[in-house]
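See structure below.
The values are calculated or read from the model by the stated rules, or taken from the named source; none is laboratory data. Since this is a predicted model, take the numbers as computed values, not measurements. Because the Cβ atoms are built from the backbone with ideal geometry, glycine has one as well, and the counts that use them run over all protein chains shown.
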Amino acid sequence: MGNSLGKLFIITSFGESHGRCVGITIDGCPTGLPITEEDIQREVDKRKPGVSMAATKRAEEDKVEILSGIFNGITTGAPICLVIWNRDIDSSEYEKARFLPRPGHADYTAFMKYGGFNDFRGGGRFSGRITASFVMAGAIAKKLLNLIGIEVLAHTIEIGGVKAEPKGFDEIKENIQKNPIKCADLKAAEAMAKAIEKVKEEGDSLGGIIEGIALNIPVGLGEPVFGTLEGDLAKALFAIPAVKGVEFGSGFSAARKRGSENNDLFTIRNGKIVTVTNNAGGILGGISNGMPIVVRVAIKPTSSIAKSQQTVNIKDMENASLTVKGRHDVCIVPRAVAVVESMMAVTLCDFAMRAELIPRVIK
Ligand SMILES: Cc1cc2nc3c(=O)[nH]c(=O)nc-3n(C[C@H](O)[C@H](O)[C@H](O)COP(=O)(O)O)c2cc1C
């Protein structure tokens, strides 16, 4: 029930962290789009652990396999099924702590909701690993968006309280390739990496903020009142585990501003109506206004930490303590950058198709 997203470009997520695979089906993808396993693999590789200090030690190859919907390197119009087989599985720590829900993770709610029948290994359906499938769908969505000139980019702007200085789009694009933190401010990236290293030594974890930007968005995507562009983007972004906040443009800081400070004044530039500022984050009344879409996503610190924490034994109904073992990201933020980009692309692609900007048959 909760595993599909979209109206015309419909993605359905499946798989568990320590099951056979994680995967995605895409129904409604236009026919005639050239796409190869390598194209999708390139995007999935962006989500790979980039630095040992920041990331999980799980040594997955994350090899993309196309099962259906693409023939001779071109989409056929049939459902596209993409999988990544799970190979580097070690469930031993999860078996041992089966009845000790990790504070901050979904173990408790999953156990209660599914009567203990849920696949708990590696966090099962709640694992960050599921997001590899989001990135596969994102790879196709990005290709479709590129046909109409839309570009989507995400980058790290804060980790553990270390903030990046704002940079222009081209500098962001170039600089995020240069460091595993995916931060455009290279000095801040170093400080973030140090903060991660330090917290790792303390057996703890860190959160942060990712900013997503979409350029060349036409005016008119989104509908009031239940089909707003920001509503659907937020829903897609909240599907990413560990996301605890989403804001557009000036976001929560708008609550502390006056109208005269927050209003984006209209002007004409090169024969086009634009706004002088972009406090709206590119969306007015739930409809894109032609300015870049700017969204910021708050990622909480990883819940699985090496410090001893209070929990309960859910089977014996006794207080207990837990030190999480196994393989975990100290900071999820760098790996989630590609995921934020993908969920934005998937949603924007769906909206562009609803507005008939992307043809059903690509020639
Ligand atoms: C790319 C990615 C990697 C993640 N890795 C871990 C991890 O190693 N350990 C962990 O406890 N949580 C990890 N998470 C977060 C959990 O999956 C998430 O916190 C948990 O499912 C509870 O959901 P919630 O935080 O949205 O409430 C990861 C999330 C993402 C997006």
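Matching residues to (1) surrounded by 13 or more Cβ atoms within 10 Å (Cβ to Cβ); (2) at pLDDT 95 or above; (3) among the polar types (S, T, N, Q):
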residue	(1), (2), (3)
Asn263	yes, yes, yes
Ile268	no, yes, no
Thr277	yes, yes, yes
Gly281	yes, yes, no
Val330	yes, yes, no
Residue under evaluation Met1, criteria (1) closer than 30 Å to Asp204 by Cα; (2) at pLDDT below 95; (3) surrounded by fewer than 19 Cβ atoms within 10 Å (Cβ to Cβ), criterion not met:
(1)
Residues being more than 9 Å from the ligand (Cβ to nearest atom) and touching a helix residue (DSSP H, G or I) at 6+ places or on another chain (Cβ under 9 Å) - total across the range 299-332
7
Regarding the range 148-169, can at least one residue be identified that is farther than 30 Å from Gly290 by Cα, in contact with a strand residue (DSSP E or B) (Cβ under 7 Å, 6 or more places away or on another chain) and part of a loop (DSSP other than H, G, I, E, B)?
yes
Any hit, the range 294-316, residues being part of a strand (DSSP E or B), among the acidic types (Asp, Glu) and farther than 25 Å from Ala195 by Cα:
no
Please determine, by comparing only the residues of the range 240-252 that are under 12 Å from Met344 (Cβ atoms) and touching a strand residue (DSSP E or B) at 6+ places or on another chain (Cβ under 7 Å), which one is nearest to the ligand (Cβ to nearest atom).
Val246
Yes or no: Ser321 among the polar types (S, T, N, Q) and under 23 Å from Ala139 (Cβ atoms)?
no
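To keep it simple, each residue is scored yes or no on (1) polar (S, T, N, Q); (2) without any contact (Cβ under 8 Å) to a residue 24 or more places away in the chain.
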site	(1), (2)
Asn262	yes, yes
Val294	no, no
Lys300	no, no
Ser303	yes, no
Lys307	no, no
Val312	no, no
Val324	no, no
Arg327	no, no
Val333	no, no
If you scan the range 136-159, which residues turn out to be in contact with a Pro (Cβ under 9 Å, 6 or more places away or on another chain) and crowded, with 20+ Cβ neighbours inside 10 Å?
Lys143, Leu144, Ile150, Thr156, Ile157, Ile159
Do we find a residue being within 16 Å of the ligand (Cβ to nearest atom), aliphatic (A, V, I, L, M) and outside any helix (DSSP H, G or I) anywhere in the range 215-234?
no
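Residue by residue, here is whether (1) among the hydrophobic types (A, V, I, L, M, F, W, C); (2) farther than 30 Å from Cys349 by Cβ holds:
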position: Ile80; (1), (2): yes, no
position: Trp85; (1), (2): yes, no
position: Ala106; (1), (2): yes, no
position: Met112; (1), (2): yes, yes
position: Asn118; (1), (2): no, yes
position: Arg121; (1), (2): no, yes
position: Ser133; (1), (2): no, no
position: Met136; (1), (2): yes, no
position: Lys142; (1), (2): no, no
